[in-house]
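Notes follow the structure.
The values are calculated or read from the model by the stated rules, or taken from the named source; none is laboratory data. From a predicted model like this one, the values you see are computed outputs, not experimental measurements. Methodologically, a virtual Cβ is constructed for each residue, glycine included, from the backbone with ideal geometry; neighbour enumeration extends over all protein chains shown. Side chains included, ligands, DNA and RNA excluded: accessible areas come from the protein's heavy atoms. Shrake-Rupley method; radii C 1.70, N 1.55, O 1.52, S 1.80 Å.
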Number of protein chains: 2
Amino acid sequence: MDDDVRGDGTAALLAYSARRSLTDAGELDDVRRWLAEVEHQAPMRVRRVSLDDLEMWETDPSTGDISHRSGGFFTVGGLRVRIPGQPVEEWWQPIIRQPEVGILGILVREEDGVLHCLMQAKAEPGNARTVQLSPTVQATRSNYTRVHGGRAVPYLEYFRDPSAHRVLVDVRQSEQGAWFHHKRNRNMVVQADSGVEVRPGFRWLPLGQVLGLLAEKDMVNMDARTVLSCLPFAREHGDPRPERRGDDPFLSALRRSCVRTEGALHSMVDVLSWITDARSRIEPRTAPAPLNALRGWRRAEGRISHESGLFFDVIGVSVEAGEREVTRWAQPMIEPHGQGVVAFLARPVDGVLHVLVHARVEAGYVDVVELAPTVQCTPQTYTHLPASARPRFLDEVLAAPAERVRFDSVLSEEGGRFYHARNRYLIVETDADPAAVEWPDFRWMPLHQLAELLRHSHYVNIQARSLVACLYGLLGADTRE
Amino acid sequence: MDDDVRGDGTAALLAYSARRSLTDAGELDDVRRWLAEVEHQAPMRVRRVSLDDLEMWETDPSTGDISHRSGGFFTVGGLRVRIPGQPVEEWWQPIIRQPEVGILGILVREEDGVLHCLMQAKAEPGNARTVQLSPTVQATRSNYTRVHGGRAVPYLEYFRDPSAHRVLVDVRQSEQGAWFHHKRNRNMVVQADSGVEVRPGFRWLPLGQVLGLLAEKDMVNMDARTVLSCLPFAREHGDPRPERRGDDPFLSALRRSCVRTEGALHSMVDVLSWITDARSRIEPRTAPAPLNALRGWRRAEGRISHESGLFFDVIGVSVEAGEREVTRWAQPMIEPHGQGVVAFLARPVDGVLHVLVHARVEAGYVDVVELAPTVQCTPQTYTHLPASARPRFLDEVLAAPAERVRFDSVLSEEGGRFYHARNRYLIVETDADPAAVEWPDFRWMPLHQLAELLRHSHYVNIQARSLVACLYGLLGADTRE
């Protein structure tokens, strides 16, 4: 719809920019070198410490909940979850409560017809590769309102008063519903005119390059990925570039689903009805529970763990950052056990790329279910369970022949809250007949329907959003070959 | 977008159907007679009774909260509300908690190119005119899962398994955030093939007639209005009927905004950013509070009232319905003090009808703010306050000359929970310069943007939805003149 989009071809600009990806290995080396330099100049030293020794954090003697003395940032508490009708109907777990809505914002500008992103080389204590490409602004409300002191957040002014600028994206999106309770951040993309000063630790990178770098292990952080996934690709009835003889059908279907908003196995009315049905039918009942009384969990040796050794631990870390002006702090973090697998099965349907999405319930979601990847799990959790309990499609994804694996990269989750939380992100092409492999809680959807839903909150989960960004990253793939 | 709509011209069918409104006074008399007949055949006798004497309901001795012995239906509890930065920052109030998602469904069918709705003549104890035109199905989850016994809900099968039918609307929408805590119902429109048996108390009415009857005092109930407002008007780039010489510019702008999805003062990106900003910036903090300890409220003489005499009372009613098979029950209800005013200021902008919407905070909303009418208030509440406290635009609406008042009808709110709760609904044409009268929490939006947002939950509040249905009702106005 015309008024849905900027009249000046933002979608076309995005599609064009995304296809101008890495042109040579030199560019990749250059970014690597920059990240290493920033890390060298302001190294971050992270030590695990006991939860009992976290400076400025205290454990409530009656509930065991852990919170910051200022009352800000976040709290680690407990949750009791009952979801009648689900494979596991009831459980207890620690969960992070962070009611504030933070800002994840990328400043962009157009240069020679290509969109560039002002990316930050930012260190986070939980990252396996400490310094990663991050949004221009990545700030909790406690940060940016500076209630707890601290320095001003650079470039914040572009995002605090968006109506004064050209807004491309402005939508609150959820984060991990298994670890966060009702957490959401405001995902923003704002276009600047000229005259933006580039501060140390920031660099303008072409959009296609940022998207292309998603294929690098641990290089583009989760916050950047979620913001990139919300870009208004696929808002116009654009014409895909004419096919060339020998074009890869997968890539041409991908390109098509990024520039034309038609061609879908299910109409949007039916997709929305399917989501409404799940959200009306499933009735999760969650209630806060004291962290020191969670069935199956215990706090011992300075951490909180599940008696099975599975899922995750709540640990403490102590952080020192910077060279001259040293900043020190301590905080609790979630340390998951085992690397996860996050994958879309994907295939062209009538020339338009579709992915198989899962209507997934997570305890911390604001609204019952969100659309998740085809596979999203930690395989290690299932090793002690019978084969029948294995997540659907996991084996198909893991056993896919190399030529079917269109994307395969290990990426970090939010390094400010999670310690070495990494998932292997995969996009796997399949021949599966869309009519045959649909299960009641799975649906084939074209990328442009996901893009349309991403204008609104709480439809597409954080893991699926990362994969959407990775799909946009593949737009440059055919120019690299 | 093509896949956003049924490929077979649903929007065009709706627009055509809506314009075939009442053709003569005989049709109106016919519907009036039918409602009177149903009322006569199964009269409903409603008596006010003390909250102390409500059969099957009990008051928790420690909190004062009132709930049904079965644990079903709803609870009347208390809420403490703090909304920093709002005109009134803190208050206490009774509130209805009804966590279940009920179904409000209208069955439709096409006959001679015109959509017909299967309407129910349904009595509700709170209605001033007891029997009103209601959706085909209007059922709480407690009703339709029959956990508390009771008869089967007719036509429920069309809405319980929507994927087996042709779904036109399926979206959860909120209800009064001032009286309900997080209440939502599933608004559905399902298209049937032939062969639907018409049961006693039900009748097929042409869509245009139902919409036209909104102009009749107390005839179309709130549940029917909200479902009608979600119909997929304005999903296509249709061509409005060619202008005729002497066409009323207001009505031609209305028609245009119902068939074409372009022409808007603010792009949808900017509208969504404005909503996101309000939802991120305003931080309501609500907490359950015992009903017997709400500051300013007291329970005496069998009801709960505010010491100022304003706002509303919680009362008890005893109901007897039916002639041969008599059904009896008792229940608490909310009885508001004074009739409300709910109004849109409206005007064409570049030939497309725009209305002035208000980003409104209500304590019971799921997501901070929803888009509300230009004016939504009970004037009586403000009589003891200085003129500066009067709601914005109220005086302009009330003082509008008759020829500017395009719609003016008194309609009932949900008669199952509210006792004689009526609002005067107005659509008032204005010449106000859109650039001049926008305040930070008001925006001019074309009807088609509201229609687009109505595909999703929690954007457009229940009062604004009633007015959207009334606007669709005006589509038939030019054929009546």
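Quick look at the numbers
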| item | result |
| --- | --- |
| Which numbered condition A:Ala264 fails, given (1) of a type outside the set (Ser, Thr, Tyr); (2) in contact with a strand residue (DSSP E or B) (Cβ under 7 Å, 6 or more places away or on another chain); (3) open to solvent by 40 Å² or more (accessible area, probe 1.4 Å) | (3) |
| Lone unmet requirement of (1) closer than 23 Å to A:Val269 by Cα; (2) at pLDDT 95 or above for B:His165 | (2) |
| A:Val153 vs. criteria within 24 Å of A:Val38 (Cα to Cα), open to solvent by 10 Å² or more (accessible area, probe 1.4 Å), hydrophobic (A, V, I, L, M, F, W, C) and out of contact with any helix residue (DSSP H, G or I) (no Cβ under 9 Å at 6 or more places or on another chain) | no |
| Residue within the stretch B:159-166 that is away from chain A (no Cβ under 11 Å) and in contact (Cβ under 8 Å) with a residue 24 or more places away in the chain present | no |
| Boolean, A:Arg48 is open to solvent by 50 Å² or more (accessible area, probe 1.4 Å) and at pLDDT 95 or above | yes |
| Selected residue (criterion: farthest from the other protein chains (Cβ to nearest Cβ)) from residues of the stretch A:68-85 that are open to solvent by 60 Å² or more (accessible area, probe 1.4 Å) and under 19 Å from A:Val368 (Cα atoms) | A:Arg80 |
| Unmet criterion (only one of (1) surrounded by 18 or more Cβ atoms within 10 Å (Cβ to Cβ); (2) in contact with a His (Cβ under 9 Å, 6 or more places away or on another chain); (3) free of Cβ contacts under 8 Å to residues at least 24 places away in the same chain; (4) not aliphatic (A, V, I, L, M)) for A:Ser280 | (2) |
| Any chance A:Ser17 is touching a Lys or Arg at 6+ places or on another chain (Cβ under 7 Å), closer than 30 Å to A:Glu111 by Cα and not charged (D, E, K, R) | no |
| Long-range neighbours under 7 Å by Cβ, at least six apart or interchain, first residue at positive phi within the stretch B:330-341, second assigned to a loop (DSSP other than H, G, I, E, B) and open to solvent by 10 Å² or more (accessible area, probe 1.4 Å) | B:Gly338/B:Thr378 |
| Selection status of B:Trp444, surrounded by fewer than 17 Cβ atoms within 10 Å (Cβ to Cβ) and within 14 Å of chain A (Cβ to nearest Cβ) | no |
| A:Glu27 free of Cβ contacts under 8 Å to residues at least 60 places away in the same chain and not aliphatic (A, V, I, L, M) | no |
| Residue check, A:Thr286 within 14 Å of chain B (Cβ to nearest Cβ), farther than 20 Å from A:Val366 by Cβ and not small (Gly, Ala, Ser) | no |
| Single condition A:Val169 does not satisfy, out of (1) open to solvent by 10 Å² or more (accessible area, probe 1.4 Å); (2) within 25 Å of B:Val366 (Cα to Cα) | (1) |
| Output for the stretch A:57-66, where each listed residue is over 11 Å from A:Gly316 (Cβ atoms) and either crowded, with 19+ Cβ neighbours inside 10 Å or at pLDDT below 95 (or both) | A:Gly64, A:Asp65 |
| Selection status of B:Val317, more than 14 Å from every other protein chain (Cβ to nearest Cβ) and either more than 29 Å from A:Phe159 (Cβ to Cβ) or touching a strand residue (DSSP E or B) at 6+ places or on another chain (Cβ under 8 Å) (or both) | yes |
| Residue within the stretch A:463-470 that is open to solvent by 10 Å² or more (accessible area, probe 1.4 Å), away from chain B (no Cβ under 13 Å), under 15 Å from the mean Cα position of the chain (by Cα) and not hydrophobic (A, V, I, L, M, F, W, C) present | yes |
| The stretch A:342-357, residues that are touching a Pro at 6+ places or on another chain (Cβ under 7 Å) and open to solvent by 10 Å² or more (accessible area, probe 1.4 Å) | A:Pro348, A:Val349 |
| Unique residue being away from chain B (no Cβ under 11 Å) and at positive phi when the list is A:Gly177, A:Gly208, A:Gly195 | A:Gly195 |
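Listed here are the residues, each with its yes/no results for (1) touching a residue at least 60 places away in the same chain (Cβ under 8 Å); (2) outside any loop (DSSP other than H, G, I, E, B).
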{"position": "A:Asp170", "(1), (2)": "no, yes"}
{"position": "A:Glu197", "(1), (2)": "no, no"}
{"position": "A:Arg203", "(1), (2)": "yes, yes"}
{"position": "A:Val227", "(1), (2)": "yes, yes"}
